[in-house]
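Trainee: To start, I am sharing the structure in question, which I have written as C-alpha cells.
The values are calculated or read from the model by the stated rules, or taken from the named source; none is laboratory data. What you see is a predicted model, and the numbers here were worked out from it, not measured in a lab. Cβ placement follows ideal geometry from the backbone for every residue including glycine, while neighbour counts extend to all protein chains displayed. Accessible surface is based on the protein model in full, side chains and every heavy atom, while ligands, DNA and RNA are left aside. Shrake-Rupley method; radii C 1.70, N 1.55, O 1.52, S 1.80 Å.
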Amino acid sequence: MTMANIYLDYQATTPLDERVLEAMLPWLGRPGNPHSSEHTFGQEAAAAVELAREQVAEAVNGDPKGVVFTAGATEAANLVIRSLANGGSRLLISAIEHPCVAETAAECERQGRAVVETLPVGEDGVVDLDAFSELVADVELASIMTVNNEVGTIQPIEDIGALCVSEGVRLHTDAAQAIGRVKVNMGFGITFATLSSHKMYGPPGIGAICSHPEDISLLKPLMSGGGQERGLRPGTLPTPLCVGFGKACALAVRECEKDGERAAELASLFLKQLDKADVSYVVNGSREERVAQNLNVSFNGVEAEVLLAQLPTLALSTGSACSSGAVGPSAVLTAMGLDDDRVGSAVRFGFGRGTMSSEVCEAAKKIAAAVARLRRR
C-alpha cells in the first residue's frame, strides 16, 4: 500500500490476510461441493468445511455442532432475531446496535411479531447494567453487541450473560467487531453469537451463527430450497470461503494479543501527532473499555463529511459502513447523548495488521492541516 493512499477503515472491512488466501487457493481451482458425499472430491471438501467449522467454534469457545454458516453477520442476525420474534414477544436491544440488529428488530415490531425495548447507554458508549437488570425480566431475546462498530466500546457481556442466565433469558451478541480484538466466550451466558469473516481478515461473503447445539432448534430458516446447514440455510456451502473464514478465525485467536498491542501503539502515536500539531479534538467513547483498533474522534467546529472531502487519499469513515448514504446524524453517537457539533464532526479511524507507523504519522499530518484550514474559514 503506497503512502499516496492510506487505509484506516478497518471497521468497514479488513484486507484479506495473505495466509488466509494461501489456505483458500487450493479450493479455488478444483470442484469441491461438500454436499456431494458420493465421491472423493465432495468428501475432501466436506472435511475442509468441518475443519473450518471447528476453527470458527474455537474462536468463541463454542461447539462445532452449533455453528451455522451464513452469507455474513447481517443474515446471521436476521435469522436469530426473526426466529425469536413470535407473537408479540419482547426483544431487548441496546441503543447502539448495528443496523442488522436494530432495523431487523424494528421490522419485527412493525409486523406485530415483537415488542422492542431499548437499553440506554452512557456518554461513554457502554450499556447501563442497572437498566439492563430492570428490563431483562420476561424478555424472549436480549441482543447486545460485544464491541461497537462506530466507537469501539466493549460491552460487559459476561455480566449481561450472567443476568440473562439468572432470568432464563436468551442472549444474542453481535460479535462481528470482537473476534481477534477481545475474548468471546459462549460460556458467558451467550445463546447466539453472530460473526463476519471480512471483519477479521477473512474473505467477504461468509459469516456464521454460533450457538449451543441444543438451541439450534430455536432457529427457523429465512429461505427454502435445500436441507443444508441442518435445514436452516439452504444452498451449497462455498468451500473456499468456509476454509478462509476458518483460517481467519484461527489466526484471530492466535494473534489477538499481538494485534491489540500493536494497534494500541498506533492509536497512541496518532493522537500524539495530533497533539504535536496543536489540533484540538475529543475521543468519543470510553478510553478504557474500548478496542485499540477503533478510535472515534470529533474535531469540533469541522463537519466530518467536509473534512473527509478534503482528504481523498485517506480511507476514513464517519460511522457504520452499512449506514453509508443514510441521511441524518449517527444513531450511536446520538444515543450516547453527545451534542450536535460533536456528533457531526466525528470521524472513525481504524488501525489493523497492515497499518504502518509512517502511514499513521502521514495521516495525522494531513488531518491536522485540513482541520486547521477548515477552522480558519
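This table checks each residue for (1) modelled with pLDDT under 95; (2) under 22 Å from residue 81 (Cβ atoms); (3) among the hydrophobic types (A, V, I, L, M, F, W, C).
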site	(1), (2), (3)
187	no, no, no
209	no, yes, yes
233	yes, yes, no
236	yes, no, no
243	no, no, yes
247	no, no, no
255	no, no, no
261	no, no, no
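Trainee: At least 1 residues that are within 16 Å of the chain's Cα centre (by Cα) and either crowded, with 21+ Cβ neighbours inside 10 Å or of a type outside the set (A, V, I, L, M, F, W, C) (or both) in each: list the helices (runs of 4 or more DSSP H) lying fully within the range 64-151 that qualify.
Mentor: Passing ranges, in order: 73-84, 99-110.
Trainee: So, one more: Check off (1) within 18 Å of residue 121 (Cα to Cα); (2) open to solvent by 10 Å² or more (accessible area, probe 1.4 Å); (3) in a helix (DSSP H, G or I) for residue 338 and give me the number that stays unchecked.
Mentor: Among (1) within 18 Å of residue 121 (Cα to Cα); (2) open to solvent by 10 Å² or more (accessible area, probe 1.4 Å); (3) in a helix (DSSP H, G or I), the lone unmet condition for residue 338 is (3).
Trainee: If residue 319 passes every condition in (1) within 28 Å of residue 252 (Cα to Cα); (2) open to solvent by 10 Å² or more (accessible area, probe 1.4 Å); (3) modelled with pLDDT under 95 but one, which one does it miss?
Mentor: (2)
Trainee: Can you name every residue in the range 152-164 that is surrounded by fewer than 24 Cβ atoms within 10 Å (Cβ to Cβ) and in contact with a Phe, Trp or Tyr (Cβ under 7 Å, 6 or more places away or on another chain)?
Mentor: 158, 161, 163
Trainee: Further question on the same structure: Quick one: what pairs do we get from the range 290-302, first residue touching a residue at least 40 places away in the same chain (Cβ under 8 Å), second among the polar types (S, T, N, Q) and open to solvent by 30 Å² or more (accessible area, probe 1.4 Å), C-beta under 9 Å, 6+ apart or different chains?
Mentor: 292/268; 299/280; 300/280; 301/280
Trainee: Let me ask something else about it. Does residue 245 meet the test of being in contact with a Phe, Trp or Tyr (Cβ under 9 Å, 6 or more places away or on another chain), aromatic (Phe, Trp, Tyr), in a helix (DSSP H, G or I) and over 19 Å from residue 199 (Cα atoms)? Even if it seems obvious, please write down each step before you answer.
Mentor: Values: in contact with a Phe, Trp or Tyr (Cβ under 9 Å, 6 or more places away or on another chain): yes; aromatic (Phe, Trp, Tyr): yes; in a helix (DSSP H, G or I): yes; over 19 Å from residue 199 (Cα atoms): no.
No; evaluated as a whole, the condition is false for this residue.
Trainee: Listed residues 234, 240; which is within 20 Å of residue 53 (Cα to Cα), buried (at least 17 other Cβ atoms within 10 Å of the Cβ) and not acidic (Asp, Glu)? Give the steps one after another, and end with the answer.
Mentor: On the way: 234 fails: buried (at least 17 other Cβ atoms within 10 Å of the Cβ).
None of the other options fit; the residue is 240.
Trainee: Take the residues in the range 192-217 that are in contact (Cβ under 8 Å) with a residue 40 or more places away in the chain and more than 16 Å from the chain's Cα centre (by Cα); name whichever of them is surrounded by the most Cβ atoms within 10 Å (Cβ to Cβ).
Mentor: Taking the range 192-217 as the starting set, the residues that turn out to be in contact (Cβ under 8 Å) with a residue 40 or more places away in the chain are 192-213, 215-216.
This time we only want the ones that are more than 16 Å from the chain's Cα centre (by Cα), so: 211-213, 215-216.
Numbers: 211: 27, 212: 16, 213: 13, 215: 14, 216: 18.
Selected residue: 211.
Trainee: In addition: Could you grab me the full set of residues in the range 150-188 that are small (Gly, Ala, Ser) and within 16 Å of residue 62 (Cα to Cα)? It would help to see each step written out before you state the result.
Mentor: At the first step, the residues of the range 150-188 found to be small (Gly, Ala, Ser) are 152, 161-162, 166, 168, 175-176, 178, 180, 187.
Answer for the range 150-188, where residues must be small (Gly, Ala, Ser) and within 16 Å of residue 62 (Cα to Cα): 161, 175, 176, 178, 180, 187.
Trainee: Residue 348 - would you say it is open to solvent by 20 Å² or more (accessible area, probe 1.4 Å) and modelled with pLDDT of 95 or more?
Mentor: no
Trainee: Since residue 188 meets every condition but one in (1) more than 30 Å from residue 339 (Cα to Cα); (2) surrounded by 24 or more Cβ atoms within 10 Å (Cβ to Cβ), which condition does it not meet?
Mentor: Unmet condition: (2).
Trainee: Still on this structure, please answer the following. Under 6 Å between Cβ atoms, which residue pairs at least 6 apart in sequence (or on different chains) link something in the range 348-361 that is in contact (Cβ under 8 Å) with a residue 12 or more places away in the chain with a partner that is assigned to a strand (DSSP E or B)?
Mentor: What qualifies is 348/296; 348/317; 349/295; 359/6.
Trainee: Let me ask something else. Which of (1) over 25 Å from residue 102 (Cα atoms); (2) surrounded by 14 or more Cβ atoms within 10 Å (Cβ to Cβ) is the odd one out, the single condition residue 309 does not satisfy?
Mentor: Going through (1) over 25 Å from residue 102 (Cα atoms); (2) surrounded by 14 or more Cβ atoms within 10 Å (Cβ to Cβ) one by one, residue 309 breaks only (2).
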